[in-house]
1. Check region 234-242 and report whether any residue there is modelled with pLDDT of 95 or more and touching a Gly at 6+ places or on another chain (Cβ under 6 Å).
2. Just the residues that are among the hydrophobic types (A, V, I, L, M, F, W, C), crowded, with 24+ Cβ neighbours inside 10 Å and in a loop (DSSP other than H, G, I, E, B), please, taken from region 156-186.
3. From Glu238, Glu197, grab the single residue that is in a loop (DSSP other than H, G, I, E, B) and surrounded by fewer than 23 Cβ atoms within 10 Å (Cβ to Cβ).
4. Which of the following residues is surrounded by fewer than 17 Cβ atoms within 10 Å (Cβ to Cβ), within 27 Å of Gly24 (Cα to Cα) and not β-branched (Val, Ile, Thr): Gly223, Gly257, Gly252?
5. How about region 274-289: which of its residues are in contact with a Pro (Cβ under 6 Å, 6 or more places away or on another chain) and aliphatic (A, V, I, L, M)?
6. Looking at (1) surrounded by fewer than 21 Cβ atoms within 10 Å (Cβ to Cβ); (2) within 17 Å of Ala195 (Cα to Cα), find the lone condition where Pro138 falls short.
7. Can you tell me which condition Ser98 does not meet? The list is (1) closer than 30 Å to Leu54 by Cα; (2) without any contact (Cβ under 8 Å) to a residue 24 or more places away in the chain; (3) in contact with a Pro (Cβ under 9 Å, 6 or more places away or on another chain), and all the others hold.
Amino acid sequence: MLGLEGLELTAEERALLRHPLVGGVILFGRNYRSPEQVAALTDAIHALRQPRLLVAVDHEGGRVQRFRDGFTRLPAVRCLGELYDRDRMRAKQLARVSGWLMAAELRAVGVDFSFAPVLDLDHGVSGIIGDRAFHRDPEAVADLAHAYVSGMQKAGMEGVGKHFPGHGGIAADSHLELPVDPRSYEELADTDLLAFERMIHYGLAALMPAHVLYPQVDDRPAGFSARWLQRILRRDLEFQGVIFSDDLDMAGAGEAGPPPERARAALAAGCDMILVCNDRAAAIAILDNLHHTLEPVSQLRLIRLHGRGRLSVERLRRAPNWQRAVSLVRDHDASPLLEMDI
C-alpha cells in the first residue's frame with residue numbers, strides 16, 4: 001500500500017499502482033482539496049486495476065483527520081470515553097453514530113476504509129496516543145469500539161483496529177524512535193490485549209501491529225515478530241482478518257534494516273499487506289527487490305476490506321440521517337440522543 005504525492009495521479013504513480021505487488025493506496029492531507037477532488041482521485045485509482053486497488057486513509061477524528069474542509073470535524077474519541085463514565089448507553093449510541101458518520105462521508109468519496117478505531121489504552125503516558133484512545137479501561141474500549149465499528153459497517157466499511165498489542169503504555173513515539181515496553185506478556189494480557197481480544201471475538205476485519213518492542217515477549221518489534229503475529233494473534237487469539245503493517249517509513253521500523261529488508265521481515269512475520277506511505281524511493285526499492293507471492297488466504301482476507309455501497313456527496317448531505325448525525329456529533333453533550341435508523 002503506497003502513498004501518493006499530490007491531488008492527482010502522476011504518470012509515474014499510474015505505472016507504480018499497476019505493479020502486481022501493489023494492492024492499495026493510502027491518502028493523506030496532501031492528497032485532499034475538496035470532496036469533489038478526492039472523489040475524482042479515488043475514481044481514477046479504482047479505474048486502474050481489476051480487482052480494484054484498496055483506498056484507505058487515517059480518519060479517526062480529533063488531530064488525526066486527513067480530510068477536513070467539506071467533511072464533518074469529528075471529535076477525538078476520548079470524548080466518547082469521558083461520556084461513557086457518565087452515561088454508558090448514551091456513549092455507545094453516540095459511538096455508533098460517530099462510526100457511521102465517519103464511514104458514510106468517506107464512502108461518499110470512494111474511500112474503502114479508514115485505519116480506525118484505535119484500540120490502545122489511554123494510560124496517560126503516550127503523547128502519540130493520548131486522546132486518540134477511547135479510555136483507559138480495556139472493557140470500556142472494547143464496548144465503545146464495538147459500537148463504533150457497527151456504525152461503520154452500516155455505512156459499508158469495515159474497521160481496522162490498531163496498534164496491536166498496545167502502544168499506550170510507553171511515552172516514546174514510534175514515528176521518531178523504537179519504543180520499548182518492558183511489561184511481561186501476562187501484564188499485557190491482563191490490560192492492553194483485552195481490548196483486541198474482545199474485538200477479535202466481535203469479528204474485527206483487520207488489525208495493525210505496533211512498531212513497539214516488548215523484550216519480555218520477543219526480541220523483534222510486534223510488526224516484525226512471528227511470535228506476536230502468528231503464534232499469539234493468529235493461533236492463540238484466533239484472528240482471521242487482515243494484518244496490515246504500520247508505515248515502514250517510520251523510525252520504529254528501522255530495526256528491520258533498509259526498506260526491502262523491512263518489507264520482507266514484515267511479510268515473513270505474518271503481515272498480509274505492508275504500508276510505505278511517504279518515501280517514494282523506498283517504495284520503488286521494495287518493488288524492485290521484493291519477490292513475494294500473495295497467499296490466496298491473504299487475498300480472501302483483503303477482499304473483505306472493499307467498501308460496500310456508495311451515495312454521492314450530494315445525496316448523503318440531503319439524507320435526514322446524515323443531518324441528524326452531524327448535529328449529534330457536533331453537540332453530543334447538549335441534546336437528547338435518540339436511536340437512529342442507520
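The values are calculated or read from the model by the stated rules, or taken from the named source; none is laboratory data. Everything quoted here is computed from the prediction, not taken from an experiment. Cβ sites come from the backbone with ideal geometry, for glycine too, and all protein chains shown count toward neighbours.
1. No, region 234-242 contains no residue that is modelled with pLDDT of 95 or more and touching a Gly at 6+ places or on another chain (Cβ under 6 Å).
2. Answer for region 156-186, where residues must be among the hydrophobic types (A, V, I, L, M, F, W, C), crowded, with 24+ Cβ neighbours inside 10 Å and in a loop (DSSP other than H, G, I, E, B): just Met157.
3. Within the list Glu238, Glu197, the selection yields Glu238.
4. Gly257
5. Ala282, Ala285, Ile286
6. (1)
7. Of everything listed in (1) closer than 30 Å to Leu54 by Cα; (2) without any contact (Cβ under 8 Å) to a residue 24 or more places away in the chain; (3) in contact with a Pro (Cβ under 9 Å, 6 or more places away or on another chain), Ser98 misses just condition (2).
Let's see how each residue does on (1) more than 21 Å from Leu54 (Cα to Cα); (2) in a helix (DSSP H, G or I); (3) charged (D, E, K, R):
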| site | (1), (2), (3) |
| --- | --- |
| Pro260 | yes, yes, no |
| Ala263 | no, yes, no |
| Ala268 | yes, yes, no |
| Asn278 | no, no, no |
| Ala283 | no, yes, no |
| Ile286 | no, yes, no |
| His292 | no, no, no |
